[in-house]
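Here is the structure we will look at.
The values are calculated or read from the model by the stated rules, or taken from the named source; none is laboratory data. Here the structure is a predicted model, which is why all the values come from computation and not from measurement. Don't worry about glycine lacking a Cβ; one is built from the backbone with ideal geometry, like all the others, and counts go over all protein chains shown.
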Amino acid sequence: MKTAVVIAAWDERPNIEPLVRRLDRALADRRGRRELIFVVEGDDGTREALEALAAEIPDLRVLYRREPRGLGEAFRTGFAALPADAGVVVTLDADLNHQPEEIPRLVEALERTGADLVVGSRDLPGSRVEGIPAWKRWLSRVVNRALSRLRGVPVEDKTSGFRVYRADALRRLEIRAPGFSFLADLLLQAHAAGLVVREEPIRFVYRVEGRSKLPFLRTSVEYLRLVARAVAAPERALALWLAAGILVRLIATFPAHRFYADADASLTALGALRILEGEPLVFFSGVRIGALGCWVTAALFALFGASRESLAAGALLFGLGTLAAGALTARLLLGRERSGWALPLVALPLPAALFWTYMPVAYGEIVFLGALALLTGARLARHGGGRGRIAAFAISAGLGFWTSLLTLCATLPAALLVARRRRELVGSVRAWTGAAAGFLLGSLPWWLANLGTGFGALAGNAGARPVLDAGALADNAAYVAGTRLPELLAWVTPLRVAGAPPGAATAVAALLLAIWGAWALLAARAAGREGAAGRAAPLADARFLVVAVVATTLAANVLSEAGSRRGQTVRYLLPMTIVLPLVPALAAEAARSRAGRRTMATALALVGAYGLTAPCLPGHPWRAQGERERVEDERILATLETAGVEAMTGDFSQVMPFNFLSARRIVAVPADAWWNSADVERRLPERELRWALFGRGVRERAWLERCGAALMPSGRLERVGERRWLWLGGDLGEPGQAGPAQLARVRAVCSTPKAAGGAR
């Protein structure tokens, strides 16, 4: 059996003669049954040195080309020149990184183990690596680990060029990359072809003479392409949809602008500022919404400064967390292939969901923590009760409980799934103890705050108070079914605001509701078929969570006083959006035919495209208005500061943001005391202040004129934006009257500018 050695050499004049001499000695017992093939590139004299050596070593052959075309191309040339009777092919570097004396041991390992390929590995016990630069080691490790995770290739050192191939196995492989990445690619091909690959430890000594030919940037790009090819189709789909979801959330958030619920967003900002002042804030909206979002925003303010951009970035982080948790949950419950039906709606949320969670108004963290509880609960149900899994689920549930009772709509179904799948945990004292400790840790701020207030977070929370009147229950149920649920699934108000004809908007709503109804029926049909067949349903956990989360959320909206509220309350259904992307995947199980799958894909595309009508995305009139009003806010703030205004009042939704925008140089207090959830009036100093009144729209202009004439008759009405007005100038109250007394006079004179304020 002939042994062929193939070596690529590019400008290796200092190393070439020592290498050939050592090769000749290492393979001396194979003279007459060996061939040394050198593929030479460059013009530094390497070719001439080899040709001189060939005069005394008859089985040395030189293939030459002056211009280098890459390591992969060089080995392609060398492999094409292999003799027909070659049985074993050895490859190694020309720079003396690899020790020729180890070739006989590697060839013997090939014959002894029956392998098709033996890799000389730098990463096995017994290997020795000397002098390799850190960047080359890092690059090799990254590629090795990525390929191991993606394709499970059982080789530690996938980038080693010191190898022994069986010639017939090598002929089954193809060099597809011109550069260094061809080495890892050949291993991927060998693994896919079922070839037997073994590793042996080697001594690797980094070159002493000459320079490395490995270009870091170009080789990194080659490896990235290789890793991308190694990714299976489901992983590529996952990466694609994650990228789309990240992009959608980024363009919804930036450039930062005035939010639709800007006053509520300012509460998060003010809470963050209070935290940075050393206040251990637990709740930021009364005693019912946890301040987790404020703590995240405080960290961003500390890092990047207090600005609209930093405020918006906090909500973005929660949105990205929801995206990741939703994608991982879909993959866990549906599997790699089926999750492709869920990922589009994970990446492109329903317009109502994106609208309410892209703003820093607490619903981003509520949905994120609900999604996190579902993910950790599903992992616990699937993989059993390790301490880490129990702790992860319990802590996420505790954090959700602290943030809002609304997260229970996801946490309770997740806990029921665990109890259903893991009966051994239900009776385990150890599991209960660990879960209780984790939940207490996550919700500890809630307990510490409520123990001192008589559990005001429950007493002051409409979501915790039940509806006991039968008529009110029926009214709530009708409102949820006729208004909230259609608004969640087919919110067409943004289309109408954008100028869509009323008939077109109605047709879109009808189509979307029909699609969701059809998906629900198909999902139920698929479940019925599996049940009738008497086999375990592979998607049973996904179905259970969809039904449980939807039922729990609807029940909470019907049975609690929160369900009796009207207006913009579709946000109370947001926990459902965590599991709604699973519905088309469940429905696809009943649409097995090619035509059925095409119809499913079309419907999924329509619902996904509908997600792009969210009013927070560029091009929508609401978004454009928010961008204009941010600019107006800056002009209004400059006007207030020029006029020496220290305090202002008006409707909650209009004045509250100026506390944050002015870095609290101006105390902006709602005209209605019950809106003072941020406790801003405590910042009114005990001295006489210069005031302004602020309003928006025709109705509030009339209010400004009435109140301004009564409070500051020597002042003036000034237009400061497209639809916004200030009453500036004049004295308020008695001379020398302190700020709190001035506020009392304002509230005694002014009636509410409009009936409703913020969006909470």
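Restricted to the stretch 168-193, and to residues that are assigned to a loop (DSSP other than H, G, I, E, B) and of a type outside the set (A, V, I, L, M), which residue is farthest from the chain's Cα centre (by Cα)? Full working, then the answer.
Initial filter on the stretch 168-193 (assigned to a loop (DSSP other than H, G, I, E, B)): 171-181, 193.
Retained after the next criterion (residues that are of a type outside the set (A, V, I, L, M)): 171-172, 174, 176, 178-181.
Working: Arg171: 43, Arg172: 41, Glu174: 37, Arg176: 33, Pro178: 35, Gly179: 33, Phe180: 32, Ser181: 30 Å.
Of everything passing the filter in the stretch 168-193, Arg171 is farthest from the chain's Cα centre (by Cα).
With respect to Val296, is the statement that it is in contact with a Gly (Cβ under 8 Å, 6 or more places away or on another chain) and over 21 Å from Asp262 (Cβ atoms) true?
Details: in contact with a Gly (Cβ under 8 Å, 6 or more places away or on another chain): yes; over 21 Å from Asp262 (Cβ atoms): no.
Spelling it out, it is not the case that Val296 is in contact with a Gly (Cβ under 8 Å, 6 or more places away or on another chain) and over 21 Å from Asp262 (Cβ atoms).
Against the condition at pLDDT below 95 and not β-branched (Val, Ile, Thr), how does Pro280 come out, does it pass?
Working: at pLDDT below 95: yes; not β-branched (Val, Ile, Thr): yes.
Taking the combined requirement at face value, the residue satisfies it.
Filter the stretch 428-484 down to residues that are farther than 19 Å from Ile395 by Cα, out of contact with any helix residue (DSSP H, G or I) (no Cβ under 7 Å at 6 or more places or on another chain) and not small (Gly, Ala, Ser), then give me how many there are.
So the first thing to find is which residues in the stretch 428-484 are farther than 19 Å from Ile395 by Cα, and the list is 451-484.
Within this subset, residues satisfying the condition of being out of contact with any helix residue (DSSP H, G or I) (no Cβ under 7 Å at 6 or more places or on another chain) are 451-455, 459-460, 468-471, 474-475, 478-479, 481-483.
Add one more test, that the residue is not small (Gly, Ala, Ser), and what stays is 451, 453, 455, 468-469, 475, 479, 483.
Of the residues in the stretch 428-484, 8 are farther than 19 Å from Ile395 by Cα, out of contact with any helix residue (DSSP H, G or I) (no Cβ under 7 Å at 6 or more places or on another chain) and not small (Gly, Ala, Ser).
Please work out if Phe259 is in contact with a Leu (Cβ under 6 Å, 6 or more places away or on another chain) and not in a helix (DSSP H, G or I). Give the steps one after another, and end with the answer.
Numbers: in contact with a Leu (Cβ under 6 Å, 6 or more places away or on another chain): no; not in a helix (DSSP H, G or I): yes.
Spelling it out, it is not the case that Phe259 is in contact with a Leu (Cβ under 6 Å, 6 or more places away or on another chain) and not in a helix (DSSP H, G or I).
Pick from the stretch 160-174 the residues that are surrounded by 22 or more Cβ atoms within 10 Å (Cβ to Cβ) and farther than 17 Å from Pro104 by Cβ: which of them is modelled with the highest pLDDT?
If we take residues in the stretch 160-174 being surrounded by 22 or more Cβ atoms within 10 Å (Cβ to Cβ) and farther than 17 Å from Pro104 by Cβ, then Leu170 is modelled with the highest pLDDT.
Kindly indicate whether any position in the stretch 323-337 is surrounded by fewer than 21 Cβ atoms within 10 Å (Cβ to Cβ) and at positive phi.
Yes, the stretch 323-337 has at least one match.
State yes or no: is Gly364 within 23 Å of Arg484 (Cα to Cα), in contact with a Cys (Cβ under 8 Å, 6 or more places away or on another chain) and in contact (Cβ under 8 Å) with a residue 24 or more places away in the chain? Before the answer, list the steps.
Values: within 23 Å of Arg484 (Cα to Cα): yes; in contact with a Cys (Cβ under 8 Å, 6 or more places away or on another chain): no; in contact (Cβ under 8 Å) with a residue 24 or more places away in the chain: yes.
No.
Somewhere in the stretch 428-442, is a residue under 30 Å from Gly335 (Cβ atoms), buried (at least 21 other Cβ atoms within 10 Å of the Cβ), among the hydrophobic types (A, V, I, L, M, F, W, C) and touching a Leu at 6+ places or on another chain (Cβ under 8 Å)?
no
Can you tell which of Arg65, Arg31, Arg22, Arg13 is at pLDDT 90 or above and surrounded by fewer than 19 Cβ atoms within 10 Å (Cβ to Cβ)?
Numbers: Arg65 fails: at pLDDT 90 or above; Arg31 fails: at pLDDT 90 or above; Arg13 fails: at pLDDT 90 or above.
Answer to the check: Arg22.
Which of the helices (runs of 4 or more DSSP H) contained wholly in the stretch 337-404 include at least 1 residues that are more than 16 Å from the chain's Cα centre (by Cα) and modelled with pLDDT of 95 or more?
Working: elements: 343-347, 351-357, 363-383, 387-403.
So the answer is 351-357, 363-383, 387-403.
Go over the candidates Arg665, Arg635 one by one and state the one that is surrounded by fewer than 20 Cβ atoms within 10 Å (Cβ to Cβ) and either in the same structural domain as Ala261 (by TED's automatic domain parsing) or assigned to a loop (DSSP other than H, G, I, E, B) (or both).
Working: Arg635 fails: either in the same structural domain as Ala261 (by TED's automatic domain parsing) or assigned to a loop (DSSP other than H, G, I, E, B) (or both).
Arg665 is the lone residue from the list that is surrounded by fewer than 20 Cβ atoms within 10 Å (Cβ to Cβ) and either in the same structural domain as Ala261 (by TED's automatic domain parsing) or assigned to a loop (DSSP other than H, G, I, E, B) (or both).
Counting just the residues of the stretch 731-760 that are at pLDDT below 70 and not hydrophobic (A, V, I, L, M, F, W, C), which one comes out surrounded by the fewest Cβ atoms within 10 Å (Cβ to Cβ)? Break it down into steps so the answer makes sense when it comes.
In the first step, residues of the stretch 731-760 are kept if they are at pLDDT below 70; the result is 733, 751-760.
Those still in the list that are not hydrophobic (A, V, I, L, M, F, W, C) too: 733, 751-754, 757-758, 760.
Numbers: Gly733: 20, Ser751: 10, Thr752: 15, Pro753: 28, Lys754: 15, Gly757: 22, Gly758: 20, Arg760: 19.
Among them, the one singled out is Ser751.
Could you please let me know if Ala84 is among the aliphatic types (A, V, I, L, M) and free of Cβ contacts under 8 Å to residues at least 24 places away in the same chain?
On the way: among the aliphatic types (A, V, I, L, M): yes; free of Cβ contacts under 8 Å to residues at least 24 places away in the same chain: yes.
The answer is yes for Ala84.
Tell me yes or no: at least one residue of the stretch 301-310 is over 26 Å from the mean Cα position of the chain (by Cα), assigned by TED's automatic domain parsing to the domain that holds Leu405 and part of a loop (DSSP other than H, G, I, E, B).
No, the stretch 301-310 has no match at all.
Given (1) surrounded by fewer than 20 Cβ atoms within 10 Å (Cβ to Cβ); (2) within 23 Å of Val205 (Cα to Cα), identify the lone condition not met by Val6.
(1)
What are the residues in the stretch 254-282 that are of a type in the set (Gly, Ala, Ser) and without any contact (Cβ under 8 Å) to a residue 24 or more places away in the chain, if any? Don't jump to the end; show me each part of the working.
Let us first name the residues in the stretch 254-282 that are of a type in the set (Gly, Ala, Ser), namely 256, 261, 263, 265-266, 269, 271-272, 278.
The one that is of a type in the set (Gly, Ala, Ser) and without any contact (Cβ under 8 Å) to a residue 24 or more places away in the chain: Gly278.
Filter the stretch 551-576 for residues that are of a type in the set (Ser, Thr, Tyr) and assigned to a helix (DSSP H, G or I); which is modelled with the lowest pLDDT? Please lay out each step first, then the result.
Step one: list which residues in the stretch 551-576 are of a type in the set (Ser, Thr, Tyr), which gives 552-553, 560, 564, 569, 572.
Filter again for assigned to a helix (DSSP H, G or I), leaving 552-553, 564, 572.
On the way: Thr552: 97, Thr553: 97, Ser564: 90, Tyr572: 95.
Per the criteria, the residue is Ser564.
Go through the stretch 472-526 and give me each residue that's among the β-branched types (Val, Ile, Thr) and part of a helix (DSSP H, G or I). So that I can check it myself, show each step before the final result.
Initial filter on the stretch 472-526 (among the β-branched types (Val, Ile, Thr)): 480, 483, 492-493, 497, 506, 508, 515.
Across the stretch 472-526, the qualifying residues are Val480, Thr483, Thr493, Val497, Thr506, Val508, Ile515.
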